[in-house]
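S.K.: I'd like to ask some things about the structure below.
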Amino acid sequence: MSSLFAALGSNPYLFLIEQKIRERSYGPADAWALIKYSDLTRLQTNAHPGPHVLSTAPFREEDFHLEGTSYANRTVHSMFRSEQAASETIASALNTEAGAEAIRRLRMLSLGRRAVLYSRTAAGSGPGVLRTANPRGVWMLEGPVDFVTLVLDHHGDGQLVLQTAYPNLTFAGSQTLTPPAGADMLEMPRNTVSMFWGARPN
């Protein structure tokens, strides 16, 4: 398997990601490769501008998620503190039973091309940031994360695209879909959810 990984490089092929998740070895470096791939191909895949990240690595512009998008005008925006925090959280969310099932369904294309993962397991990866803005200025408020949302796509080439990922802070109000306490939740197909009980923050 190692020679196969070397031959394919860091491209996020679904069957390789599935193998790593099965071994619970999908790590932050893998998640960073997924973020980078999704960034570089988003003009072809029409991907959302990546995870919500407040301050990023030198490889991406600061506030990359907001750069040149309508999101800059939002009054409230939940974000990861850094790209490293985003990578760690995404890896944590995927290294779960719910994450494994999301990747399996995407690889098989049996229930569509999009999966939305609501992960309480990944909430323990660290605090998030609530960015609020109005005509008087912009404020950042750090706080605990209730759960994390990942939107994942398969565009038919056997590779995974991360549309977006963001933390849902405990004090930020109710969300449209919220996983029950002690559970990760997978929405796929749309408006159909599966519960994965026993979720515990890492």
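The values are calculated or read from the model by the stated rules, or taken from the named source; none is laboratory data. All values derive from a computational prediction rather than experimental measurement. Backbone-built Cβ (ideal geometry, glycine too); neighbour counts: all protein chains shown. We work out accessible area using only protein heavy atoms, side chains counted, and drop any ligands, DNA or RNA first. Shrake-Rupley method; radii C 1.70, N 1.55, O 1.52, S 1.80 Å.
S.K.: Could you give the length gained on full extension between residue 42 and residue 140, defined as 0.36 nm per residue of separation minus the Cα-Cα distance, in nm?
M.R.: Going from the current span to full extension adds 32.5 nm.
S.K.: Please calculate the 1.4 Å probe accessible area of residue 110, with all protein chains present, and give it to the nearest 10 Å².
M.R.: Only protein atoms counted, so the area is about 80 Å².
S.K.: May I ask you to derive the FRET efficiency for residue 133 and residue 195 from their Cβ-Cβ distance with R0 = 30 Å, giving the value to the nearest 0.05?
M.R.: My answer for the efficiency is 0.30.
S.K.: For a protection proxy built on the mean count of beta-carbon atoms within 10 angstrom, sort 158-166, 140-148 highest first, please.
M.R.: Descending mean neighbour count gives 158-166, 140-148.
S.K.: Compute the Kirkwood hydrodynamic radius of the stretch 94-202, taking the inverse of the mean of 1/r over all pairs of distinct Cα atoms, and give it in Å to one decimal.
M.R.: After inverting the pairwise mean of 1/r, the radius is 14.7 Å.
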